Amino acid sequence: MNRHIVINDFPAEIERVLAAHPAVALAAVGKLPDEITGEISKAYIVLKTDATCTADEIVTFCHQSLAAYKCPRKVQFVDDVPETSTGKIMRRALHTLDV
């Protein structure tokens with residue numbers, strides 16, 4: 001039986017956890033299609049000036065506060081994330097940052 005998880009409800013919760021990491025200046029969470037679960041979450045991370053961090057450290061940090069199925073499966077470090085004119089993250093445009 002395939003279990004499909006839709007992550008529409010989780011981005012804000014995941015972003016709050018990511019923002020608590022000492023190296024993270026800004027975090028945004030988008031979704032990627034997945035053959036097994038339907039969707040997986042992907043974190044787009046802007047690091048603080050002179051901070052260093054790895055994707056594994058970010059995921060491990062998330063596992064301390066979130067259920068395993070809510071933790072991002074992929075992490076990408078970026079310089080900035082797309083925002084609206086009022087400063088809200090444009091989640092539907094995050095895919096334009098994918099490498």
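Coordinate-derived values only; no laboratory data. Treat the numbers as computed from the prediction; the structure is a model and nothing was measured. In this analysis, Cβ positions are derived from the backbone assuming ideal geometry, glycine residues included, and neighbour counts consider all displayed protein chains.
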Long-range amide H partners of VAL78 with built H, under 5 Å: ILE45, VAL46, LEU47
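Would you please put 41-49, 55-63, 91-99 in order of how densely packed they are, using the mean number of other Cβ atoms within 10 angstrom per residue and starting with the highest?
Output ranking for 41-49, 55-63, 91-99: 41-49, 55-63, 91-99.
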For GLU83, residues with placed amide H under 5 Å, excluding near neighbours: MET90
Cα Rg, Dmax, the range 7-97, angstrom units: 12.4, 38
Percent of beta bridges antiparallel (DSSP, the range 7-97, rounded to nearest 5): 75
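Give me the percent relative contact order of the range 7-97, please, defined on Cα pairs under 8 angstrom at least 6 residues apart. Let's see the in-between values first.
Working: 144 pairs, mean separation 25.7, N = 91.
With pairs under 8 Å counted, the relative contact order is 28 percent.
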Residue-by-residue Karplus 3J(HN,Hα) for the range 20-33, coefficients 6.51, -1.76, 1.60, Hz, glycine and proline x: 7, 5, x, 8, 8, 8, 8, 9, 9, 10, x, 10, 10, x
Cysteines, the chain, no other Cys beta-carbon under 4.7 Å: CYS53
Highest to lowest packing among 21-29, 82-90, scored as the average C-beta count within 10 Å: 21-29, 82-90
The range 68-84 - phi-based ³J(HN,Hα) in whole Hz, Karplus 6.51/-1.76/1.60, Gly and Pro as x: 4, 6, 8, 5, x, 8, 10, 9, 10, 8, 10, 7, 6, 10, x, 10, 6
